[in-house]
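Beneath this line is the structure, given in structure tokens, with notes to follow.
The values are calculated or read from the model by the stated rules, or taken from the named source; none is laboratory data. None of the values given here were measured: they were computed from a predicted structure. In this analysis, Cβ positions are derived from the backbone assuming ideal geometry, glycine residues included, and neighbour counts consider all displayed protein chains. Accessible surface is based on the protein model in full, side chains and every heavy atom, while ligands, DNA and RNA are left aside. Shrake-Rupley method; radii C 1.70, N 1.55, O 1.52, S 1.80 Å.
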Amino acid sequence: GDTEIRLSQLHVEGFEISGDTKKLHYGALQTFVTSLAMCTFAMLASYGQHIGAGVENLTFVMKWTLCERPRRIEHVDMDIRWPEIPESRLDAAMRAAATCTLHRTLQHAVEVDTMIDR
């Protein structure tokens with residue numbers, strides 16, 4: 001499956017996804033990395049508003065690698081392009097990005113209780 005998704009024009013109402021439309025498949029894994037990008041976007045948009053930096057050109061390129069036994073996402077690369085952020089604020093923006101709830105969730109084991117009823 002696809003291991004890269006590009007997200008741009010993110011805003012509260014939605015986002016634009018780009019990629020090779022002949023190959024673009026949007027399933028569970030794509031939804032997972034998109035959720036991580038959207039959560040991070042929310043934190044950066046809040047930070048940007050605080051410092052007066054716009055987010056009109058904020059773009060995310062999400063890449064991930066899979067591994068087997070058990071099959072799972074092993075690594076996610078989140079490449080954030082934010083031309084409006086001042087150079088002097090990059091470190092603070094990185095810290096803001098890391099405060100997203102999904103970033104923090106992934107740093108700890110998550111218990112998932114599954115039940116199937118009939």
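Couple of notes before you dig in:
- The set of residues from the range 28-81 being assigned to a strand (DSSP E or B) and acidic (Asp, Glu) comprises GLU74, ASP77, ASP79.
- With respect to the conditions (1) of a type outside the set (S, T, N, Q); (2) within 14 Å of the chain's Cα centre (by Cα); (3) at pLDDT 95 or above; (4) farther than 15 Å from MET38 by Cβ, LEU102 falls short on a single one, namely (4).
- Taken over the range 52-72, the residue count meeting the criterion of being in contact (Cβ under 8 Å) with a residue 12 or more places away in the chain and open to solvent by less than 40 Å² (accessible area, probe 1.4 Å) is 9.
- Where a residue in the range 84-109 is farther than 15 Å from SER46 by Cα and its partner, wherever it lies, is assigned to a helix (DSSP H, G or I), with Cβ under 6 Å and at least six apart: LEU102/LEU36; LEU102/CYS39
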